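The values are calculated or read from the model by the stated rules, or taken from the named source; none is laboratory data. The structure presented is a predicted model; accordingly, all values stated were derived computationally and were not measured. Here the Cβ positions follow ideal geometry from the backbone for every residue, glycine too, while neighbour counts run over all protein chains shown. The area values use the complete protein model at the heavy-atom level, side chains included, leaving out ligands, DNA and RNA. Shrake-Rupley method; radii C 1.70, N 1.55, O 1.52, S 1.80 Å.
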Amino acid sequence: MQRSEIKQSFETFCEVAEQFATCMNDNLYVYDIMNDAYFITKGAVERFALPGCLFHDVTENLRACVHPDDFPMLQEDLALLLAGKKSVHELRYRWLGRDGVPIWIICRGRVLQSADGQPWLMLGCINEIGQKQKADNVSGLLGVSSLQEHLKQTDILTDGFVMRIGIDDFRIINERLGVDYGDKVLRQVAQCIESRLLPGQYVYRMISDEFLVLDMAGMENAEIKELYCNIRQEVEQAIVRHNYEAVYTISGGIVNIGDMKKADYEEITRLSEFALGQAKRMGKNQVYTFDREDYEAFLRSRAISRSLRKAVSNDFMGLDVYFQPLVYTNTEELYGAEALLRYQMPDGEKISPLEFIPILEESGLILPVGKWIIRKAADMCKACRKKYPQFRVSINLSYIQLTKGPVFAEVMDALRETGLPPDALIMELTESGYLENSINVQKAWRKFKEAGIQIALDDFGTGYSNLQNIGRFNPDIVKIDRSFTLKALQHSYERQLLSHIINMVHSINLRIVIEGIEEKAEQQQVMELGSDFIQGYYYSMPCSREEFLKKYNIE
């Protein structure tokens with residue numbers, strides 16, 4: 001074949017590939033081996049980091065498009081093809097998108113030979129193997145890609161709603177009955193949703209056990225909630241028809257399109273994920289309608305979580321341990337201090353412990369932070385014992401630390417490294433709501449007691465702690481919460497009750513701390529009740545290590 005004929009054939013193949021590309025999702029290519037020319041259809045150029053539809057110096061231009069780790073594999077395969085040692089090309093590897101993000105593809109091709117048996121052209125196609133499917137054969141519904149196309153074809157969405165539906169605890173169905181039965185449930189729920197849709201409403205299968213209903217008919221909020229209830233009723237009836245083989249519920253998250261800043265795929269996905277998540281956090285088997293204030297609070301929590309993670313990885317920057325004194329009730333002399341965690345964001349905002357500590361616990365960051373607090377508290381106790389030999393530091397422990405971390409070993413390590421005796425530290429549990437049913441907490445508490453480390457039952461009188469917990473955990477100290485104390489100072493009945501509690505605690509050789517005393521009048525009344533220690537703003541607000549040492553003249 002003459003070179004002019006080869007050129008003409010190459011151009012013909014390119015034209016045919018471009019025509020075929022308009023009616024398929026794959027990217028077609030033609031590689032003129034003899035002239036080192038490469039043509040690929042326009043869709044690939046829009047997607048991948050290619051120099052254009054047509055280029056020469058093929059190997060080097062592909063080097064810029066292929067993930068560096070995968071290029072040697074491609075180079076080796078191309079060398080075999082160009083040498084005529086193989087005629088079929090099939091590789092799974094990564095190309096780079098126009099944004100530099102790796103994209104998995106499968107590249108297939110076949111080499112055509114010239115009349116003299118030399119490699120001439122390679123024809124083939126490139127498919128994204130990580131691309132989201134347009135349809136889902138399991139549920140029988142269209143998928144995420146189809147939803148994206150639907151939204152692109154709709155010029156402006158200004159009315160209507162989206163409702164994201166998720167199967168509650170779907171993982172348990174897969175674990176108990178198997179993946180095949182889980183697929184059956186997915187089909188079942190999809191059919192229940194479809195059976196209740198009205199004209200102008202569409203349903204798509206999203207990720208895992210989630211579906212998204214798109215309404216473009218402008219229904220009212222009450223009608224949307226009614227639709228959820230109807231779908232839930234269909235699900236309940238389907239469960240009955242299948243003789244309760246699997247009993248499950250669905251949750252729904254509704255977002256009115258009018259509440260969106262821009263009704264595109266990204267915004268719809270983001271807000272509907274939040275709305276469904278809220279429904280599940282509220283207890284599942286219910287529907288939640290998107291609220292902008294709730295969402296802003298969620299975003300703030302997530303921002304604080306990210307900031308805390310950076311702080312932990314950056315030597316706890318922004319975190320600090322403050323100390324609030326505990327004094328003897330009768331003499332008002334210094335007994336010890338409670339270690340209290342504080343956090344300041346990089347922009348200078350000081351975050352309340354009531355806001356950031358739950359985030360630490362939910363994220364698991366309380367484990368490294370808790371270990372850090374223990375060491376800081378032990379170091380402070382060692383410094384204060386130079387002037388106050390019996391000084392003690394009280395440390396709040398999270399339920400997460402007691403059940404998921406080696407907190408006992410961390411406390412013992414801190415004592416050993418600082419040379420402190422076990423009774424120099426007092427352990428407090430902050431999540432008293434978990435006390436009653438946790439065997440793990442009881443075991444951990446017992447280990448502290450056996451080691452000679454004091455324990456305190458915190459927040460007594462808040463509604464969680466009770467007299468049974470005093471018997472179960474046998475604490476050394478009971479801390480009366482400020483809310484209970486204020487009631488006792490204002491009403492004779494509560495005052496008499498608190499007096500009886502103090503007497504009862506003393507009768508079993510335990511000690512009492514009254515927390516939250518802020519004024520002189522409160523301090524005088526508390527002294528009459530006969531508690532052992534007082535803690536509160538009246539004596540000092542929580543302060544930094546340096547301020548505390550200066551306040552009590554400790555070098």
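Just to verify a result, which residue in region 113-126, among those that are open to solvent by 30 Å² or more (accessible area, probe 1.4 Å) and not hydrophobic (A, V, I, L, M, F, W, C), is farthest from residue 103 (Cα to Cα)?
Only one residue fits best here, namely 116.
When you scan region 196-260 for strands (runs of 3 or more DSSP E) that lie fully inside it, which ones turn up with 1 or more residues that are within 19 Å of residue 279 (Cβ to Cβ) and among the charged types (D, E, K, R)?
Hits in region 196-260: 201-205, 210-215.
Can you name every residue in region 469-504 that is of a type in the set (Phe, Trp, Tyr) and under 24 Å from residue 423 (Cα atoms)? Break it down stepwise before answering.
Start the filter on region 469-504 by keeping residues that are of a type in the set (Phe, Trp, Tyr), which leaves 473, 484, 493.
The one that is of a type in the set (Phe, Trp, Tyr) and under 24 Å from residue 423 (Cα atoms): 473.
Considering only region 227-258, state which residues are more than 21 Å from residue 280 (Cα to Cα) and open to solvent by 10 Å² or more (accessible area, probe 1.4 Å). Reasoning before the result, please.
Initially, region 227-258 is screened for residues more than 21 Å from residue 280 (Cα to Cα), giving 237-238, 240-245, 257-258.
Answer for region 227-258, where residues must be more than 21 Å from residue 280 (Cα to Cα) and open to solvent by 10 Å² or more (accessible area, probe 1.4 Å): 237, 240, 241, 242, 243, 244, 245, 258.
Within the bounds of region 436-446, is there any residue that is within 27 Å of the chain's Cα centre (by Cα), under 19 Å from residue 336 (Cα atoms) and either modelled with pLDDT under 95 or open to solvent by 10 Å² or more (accessible area, probe 1.4 Å) (or both)?
no
Go through region 392-407 and give me each residue that's surrounded by fewer than 19 Cβ atoms within 10 Å (Cβ to Cβ) and within 19 Å of residue 452 (Cβ to Cβ).
Correct list: 406 only.
Filter region 146-184 for residues that are of a type in the set (Asp, Glu) and free of Cβ contacts under 8 Å to residues at least 24 places away in the same chain; which is most open to solvent (accessible area, probe 1.4 Å)?
Narrowing region 146-184 to residues of a type in the set (Asp, Glu): 149, 155, 159, 168-169, 175, 180, 183.
Checking the rest, the ones that are also free of Cβ contacts under 8 Å to residues at least 24 places away in the same chain come to 149, 155, 175, 180.
Details: 149: 80, 155: 146, 175: 123, 180: 124 Å².
Taking the candidates together, the pick is 155.
Report, ordered by the first and then the second residue, all pairs with beta carbons closer than 8 Å, sequence separation of six or more or different chains, a first member in region 208-237 that is on the phi > 0 side of the Ramachandran plot, and a second member that is in a loop (DSSP other than H, G, I, E, B) and open to solvent by 40 Å² or more (accessible area, probe 1.4 Å).
218/159
Could you say whether any residue in region 285-307 is part of a loop (DSSP other than H, G, I, E, B), open to solvent by less than 70 Å² (accessible area, probe 1.4 Å) and within 28 Å of residue 554 (Cα to Cα)? Walk me through it before giving the result.
Of all residues in region 285-307, those part of a loop (DSSP other than H, G, I, E, B) come to 285-286, 290-291.
Applying the additional criterion that residues be open to solvent by less than 70 Å² (accessible area, probe 1.4 Å) yields 285-286, 290-291.
Going one step further and asking which of them are within 28 Å of residue 554 (Cα to Cα), we end up with none.
Within region 285-307 (the criterion being part of a loop (DSSP other than H, G, I, E, B), open to solvent by less than 70 Å² (accessible area, probe 1.4 Å) and within 28 Å of residue 554 (Cα to Cα)), the answer is no, since none of the residues qualifies.
Let me confirm something: among 488, 414, which residue is at pLDDT 85 or above, of a type in the set (Gly, Ala, Ser), open to solvent by less than 30 Å² (accessible area, probe 1.4 Å) and in contact with a Lys or Arg (Cβ under 6 Å, 6 or more places away or on another chain)? Talk me through it step by step, then tell me what you get.
Working: 488 fails: at pLDDT 85 or above.
The match here is 414.
If I filter region 214-263 down to residues being in contact with a Cys (Cβ under 7 Å, 6 or more places away or on another chain) and among the aliphatic types (A, V, I, L, M), which single residue comes out as farthest from residue 185 (Cα to Cα)? Show your work before the answer.
If we filter region 214-263 for residues that are in contact with a Cys (Cβ under 7 Å, 6 or more places away or on another chain), which is where we start, we get 231, 234-235, 238.
Retained after the next criterion (residues that are among the aliphatic types (A, V, I, L, M)): 231, 235, 238.
On the way: 231: 14, 235: 10, 238: 10 Å.
The qualifying residue farthest from residue 185 (Cα to Cα) is 231.
Scan region 502-519 residue by residue and report those that are outside any helix (DSSP H, G or I), surrounded by fewer than 22 Cβ atoms within 10 Å (Cβ to Cβ) and out of contact with any helix residue (DSSP H, G or I) (no Cβ under 6 Å at 6 or more places or on another chain).
Quick first cut of region 502-519, residues outside any helix (DSSP H, G or I) only: 508-519.
This time we only want the ones that are surrounded by fewer than 22 Cβ atoms within 10 Å (Cβ to Cβ), so: 508-511, 516, 518-519.
508, 509, 510, 511, 518, 519 - these are the residues of region 502-519 that are outside any helix (DSSP H, G or I), surrounded by fewer than 22 Cβ atoms within 10 Å (Cβ to Cβ) and out of contact with any helix residue (DSSP H, G or I) (no Cβ under 6 Å at 6 or more places or on another chain).
Can you report the number of residues in region 185-226 which are more than 12 Å from residue 140 (Cβ to Cβ) and either aromatic (Phe, Trp, Tyr) or open to solvent by 10 Å² or more (accessible area, probe 1.4 Å) (or both)?
The number of residues fulfilling the criteria is 23.
Does region 67-76 contain at least one residue that is touching a helix residue (DSSP H, G or I) at 6+ places or on another chain (Cβ under 6 Å) and surrounded by 15 or more Cβ atoms within 10 Å (Cβ to Cβ)?
Within region 67-76, the subset touching a helix residue (DSSP H, G or I) at 6+ places or on another chain (Cβ under 6 Å) is 71.
Right, trim to surrounded by 15 or more Cβ atoms within 10 Å (Cβ to Cβ) and you get 71.
Looking for residues that are touching a helix residue (DSSP H, G or I) at 6+ places or on another chain (Cβ under 6 Å) and surrounded by 15 or more Cβ atoms within 10 Å (Cβ to Cβ), one finds at least one in region 67-76, hence yes.
Please find, within region 308-334, the residue that is nearest to the chain's Cα centre (by Cα) out of those that are open to solvent by 50 Å² or more (accessible area, probe 1.4 Å) and on the phi > 0 side of the Ramachandran plot.
Within region 308-334, the first condition is being open to solvent by 50 Å² or more (accessible area, probe 1.4 Å), and the residues that meet it are 309-310, 313-315, 317, 320, 322, 328, 330-333.
Going one step further and asking which of them are on the phi > 0 side of the Ramachandran plot, we end up with 315, 332.
Values: 315: 22, 332: 46 Å.
Only one residue fits best here, namely 315.
Among the residues of region 364-391, how many are surrounded by fewer than 18 Cβ atoms within 10 Å (Cβ to Cβ), under 22 Å from the mean Cα position of the chain (by Cα) and assigned to a helix (DSSP H, G or I)?
Adding up the residues that qualify gives 1.
Going by the structure shown, is residue 142 modelled with pLDDT of 85 or more and closer than 20 Å to residue 270 by Cα? Before you say what the answer is, go through the steps one by one.
Details: modelled with pLDDT of 85 or more: yes; closer than 20 Å to residue 270 by Cα: yes.
For residue 142, the condition - modelled with pLDDT of 85 or more and closer than 20 Å to residue 270 by Cα - is met.
Given (1) farther than 22 Å from residue 544 by Cα; (2) in contact with a helix residue (DSSP H, G or I) (Cβ under 6 Å, 6 or more places away or on another chain); (3) small (Gly, Ala, Ser), identify the lone condition not met by residue 409.
If we test residue 409 against (1) farther than 22 Å from residue 544 by Cα; (2) in contact with a helix residue (DSSP H, G or I) (Cβ under 6 Å, 6 or more places away or on another chain); (3) small (Gly, Ala, Ser), just (2) comes out false.
Does residue 518 meet the test of being modelled with pLDDT under 85, closer than 30 Å to residue 379 by Cβ and either touching an Asp or Glu at 6+ places or on another chain (Cβ under 9 Å) or of a type outside the set (Phe, Trp, Tyr) (or both)?
On the way: modelled with pLDDT under 85: no; closer than 30 Å to residue 379 by Cβ: yes; either touching an Asp or Glu at 6+ places or on another chain (Cβ under 9 Å) or of a type outside the set (Phe, Trp, Tyr) (or both): yes.
Answer is no for this residue.
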